[in-house]
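Enquirer: Take this structure first; my questions come after.
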There are 2 protein chains.
Amino acid sequence: MGAPFADAVAAERAFYQAFAACDLQGMSEVWADNRETICIHPGGPLLQGKTAILESWREILSGVLPPRLRHRELRRFAEGMLAVHLVEELIAPHGAPAEEGTRILATNVYRYCGDSWRMMQHHASLPLVGQHPPDPAPIATLH
Amino acid sequence: MGAPFADAVAAERAFYQAFAACDLQGMSEVWADNRETICIHPGGPLLQGKTAILESWREILSGVLPPRLRHRELRRFAEGMLAVHLVEELIAPHGAPAEEGTRILATNVYRYCGDSWRMMQHHASLPLVGQHPPDPAPIATLH
């Protein structure tokens, strides 16, 4: 396993770095090794458990050139060893500007798992209407 | 405001009761009165703040007969005053069996807000493929 992630933000950064680099090993290090983990890709079914989740990422990340990817946190709920981030993702094919990519909204859930923060849930969806709402209010961490 | 909700499960029950009854007042009582609240309907844009969120529910719940709705919690992450529930919703038109309805996956976030647990986020999406995965592992509350 790679270096532990000191907080949910570090785990999230590693998640998107692995995604952008098509780095399955990096992706594996981010996810909790736990049957409780959940992944829902845009329009996709419910995937449960690290094995099924990594298999889906292997399919997504294999045989493609690294996408252009930007992400920004829109909202954060955190308490103790649990954190929830609502994230806007912009994903474009290799070579295209991320800003012109597909906009996805994801709710990411992280937990501290003994040695590191890890991803417990990634729930992503594609807004089919209203693609460009106004900028959100500033990020607030609610304690 | 209605009676406070003693835990996230009570708030969630009230949310789905209000949805199923087309009860906008009940819906209003569930949501935190907070600019930080987030609602994403299936395929819809990011809605922020109780005013915008309740307006969307007014549009959804107005002028229709109460839908048939079932929900079940698939996964729960909870710590202190923060809870995250992954929920499967089955929604059918009035008079049709909920079991034959549209299947939606929702990540609901709740917080204890001084006097009551309230909904902070509802992120719903429509699985376009793989509508019928196997039953999930038993619900686990991770502390």
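The values are calculated or read from the model by the stated rules, or taken from the named source; none is laboratory data. Given the structure is predicted, the values throughout are model-derived calculations rather than measurements. Here the Cβ positions follow ideal geometry from the backbone for every residue, glycine too, while neighbour counts run over all protein chains shown. Ligands, DNA and RNA are excluded from the accessible area calculation, which covers all protein heavy atoms including side chains. Shrake-Rupley method; radii C 1.70, N 1.55, O 1.52, S 1.80 Å.
Enquirer: In deg cm²/dmol and to the nearest 500, what is the mean residue ellipticity at 222 nm of the protein assembly as shown if only DSSP H runs of at least 4 residues count, each as -39500 (n - 2.57), divided by the residue total?
Expert: Helices in the protein assembly as shown give a 222 nm mean residue ellipticity of -7000 deg cm²/dmol.
Enquirer: How many Å³ per residue does the convex hull of the Cα positions in segment B:1-81 occupy?
Expert: That works out to 118 Å³ per residue.
Enquirer: Continuing with this model, one more query. Determine the shielding of peptide B:83-90 by partner chains: average, over its residues, the number of Cβ atoms on other chains within 10 angstrom of each Cβ.
Expert: Per residue, the average neighbour count from other chains is 3.
Enquirer: Here's a follow-up. Tell me the distances, shortest first, between A:Gly114 and the same position across the other copies, using label points 7 Å along Cα→Cβ, in nm to one decimal.
Expert: Listed shortest first, these distances are 4.1 nm.
Enquirer: Another question, if that's okay. Sort shortest first the distances from B:Arg70 to its counterpart in every other copy, using label points 7 Å along the Cα-to-beta-carbon line, and give them in nm.
Expert: Shortest to longest, the spacings are 4.4 nm.
Enquirer: Say each of B:Glu100 and A:Asp33 gets a label point 7 Å from the Cα, pointing the same way as Cα to Cβ; how far apart are those two points in nm?
Expert: Taking the simple label geometry, B:Glu100 and A:Asp33 are separated by 4.8 nm.
Enquirer: In the protein assembly as shown, what percentage of the DSSP-assigned beta bridges are antiparallel, given to the nearest 5?
Expert: Counting DSSP beta bridges with both partners in the protein assembly as shown, the antiparallel share is about 85 percent.
Enquirer: Considering every residue in A:30-43, what mean count of other chain Cβ atoms within 10 Å of its Cβ is obtained?
Expert: 3
Enquirer: Which value, in square angstrom to the nearest 100, describes the accessible area buried between chains B and A on both sides, using a 1.4 angstrom probe?
Expert: Approximately 3500 Å² gets buried when B meets A.
Enquirer: Using only the Cα atoms of chain B, build the gyration tensor, take square roots of its eigenvalues as a ≥ b ≥ c, and label the shape rounded, prolate or oblate: rounded if a/c is under 1.5, else prolate if a/b is larger than b/c, else oblate.
Expert: In terms of gyration-tensor shape, oblate.
Enquirer: Now for a separate question. Provide the per residue accessible area, probe 1.4 Å, for the protein assembly as shown, rounded to a whole number of square angstrom.
Expert: That works out to 43 Å² for each residue.
Enquirer: With a 1.4 Å probe and all protein chains left in place, how much of the accessible area of the protein assembly as shown comes from carbon and sulfur atoms, in whole percent?
Expert: Ligands and nucleic acids excluded, carbon and sulfur reach 56 percent.
Enquirer: Once all Cα-Cα distances of the protein assembly as shown are split into 5 Å bins that start at 0, what whole-number percent is in each one?
Expert: P(r) over the protein assembly as shown, rounded to whole percents: 1, 5, 12, 17, 19, 18, 13, 8, 4, 2, 0.
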